[in-house]
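Each remark here refers to the structure printed beneath this line.
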Amino acid sequence: MTSILYPSTRFFESAMLRRLIAVPLLMLGACATPQNNYDPLEPINRPIYQMNKAVDDAVLRPVAKGYVRFVPPPLRKGVDNFFENIDDLFSIPAALLQGKATPASKSFGRVLVNSTVGLGGLIDWASDLPIEKQNEDLGQTLGYWGLPTGPYLMVPFYGPTTLRDSVEPLSRFIWGPIDYADDLAGQIAYYSVYIVNARAQILPLDKIIDEQVDPYAFIRDSYLQRRWFKIHDGNPPFPLPMGSADDLDADAGPEKALNASAPTAVTPETP
């Protein structure tokens with residue numbers, strides 16, 4: 001079995017994990033391409049994917065299945081709410097840096113409500129008010145301001161990202177709330193629960209990936225399309241072009257392909 005993203009160790013923490021696959025992949029209409037404009041490192045990425053898959057098959061997926069089977073749903077929901085509350089915290093600066101005052105205020109409201117009356121985020125009272133979840137991140141912020149995506153990366157013990165999107169897990173590593181604690185045992189417990197909960201969230205997608213002729217390409221293309229979708233707030237100006245390098249001019253890169261594919265009145269952002 002395979003998964004969309006492999007939950008990380010402490011050094012590769014990523015709250016994007018659940019957010020990036022919040023919409024089922026079938027809704028993306030993803031169709032894996034044999035070669036991809038954004039994957040010049042494919043000869044390196046594929047072996048890393050196989051290693052991640054082996055770790056997932058041997059450890060993460062069985063543990064996540066046991067977690068779902070033996071931990072009561074209300075407790076699992078509380079754990080998920082707790083990590084979602086941390087997601088909301090990081091959404092605030094990401095939205096502000098994009099000039100999105102309303103999403104930033106909603107994320108702030110969610111953190112305020114859920115961190116107080118929600119007992120540290122264990123109960124999601126904000127959604128009942130309702131205060132909608134916004135799901136902004138720093139990778140989207142850089143894309144909003146036109147920074148190129150950079151190459152697609154398959155990171156050991158983490159999963160898919162791009163050079164630009166790697167800013168999000170790095171910021172979590174530096175400024176994550178648990179990293180200010182000196183208690184090593186507490187940090188280990190925190191990240192262990194995070195990893196298991198994150199992997200449990202994507203168990204239903206294992207079958208979809210396992211049915212693909214080329215799971216690696218399907219995961220890659222789905223990831224890139226999802227990021228393209230999110231940067232444009234669900235309304236991209238045109239489909240993301242993901243063909244082989246032969247489809248481009250000799251000196252063209254992905255960004256030139258995007259510009260060539262865009263309507264003349266549109267200046268596109270990279271995914």
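Miscellaneous remarks
- The simple spin-label model puts a point 7 Å past each Cα toward its Cβ; for W145 and I178 those points are separated by 2.9 nm.
- Computed extension gain for T116 through D233, at 0.36 nm per residue and net of the alpha carbon distance, reaches 39.2 nm.
- Take the stretch 126-198 with all the other protein chains still there, run a 1.4 Å probe, and you get 45 Å² of accessible area per residue.
- Inter-probe distance in nm under a simple model that places probes 7 Å from Cα toward Cβ, at R69 and L129: 4.0
- At R0 = 22 Å, FRET efficiency that the Cβ-Cβ distance of Q212 and D57 yields, to 0.05: 0.85
- Listed pairs K53/K100; K207/K230; K65/K100; K53/K230; K77/K230 exceeding 28 Å between Cα atoms: K53/K100; K65/K100
- Percent carbon-and-sulfur accessible area, the stretch 38-162, ignoring ligands, DNA and RNA, probe 1.4 Å: 74
The values are calculated or read from the model by the stated rules, or taken from the named source; none is laboratory data. Remember, it's a predicted structure, so these values are computed and weren't measured experimentally. All Cβ positions, even for glycine, are placed from backbone atoms using ideal geometry, and neighbour counts span all protein chains on display. Just the protein is used for accessible areas: all its heavy atoms, side chains included, with ligands, DNA and RNA removed. Shrake-Rupley method; radii C 1.70, N 1.55, O 1.52, S 1.80 Å.
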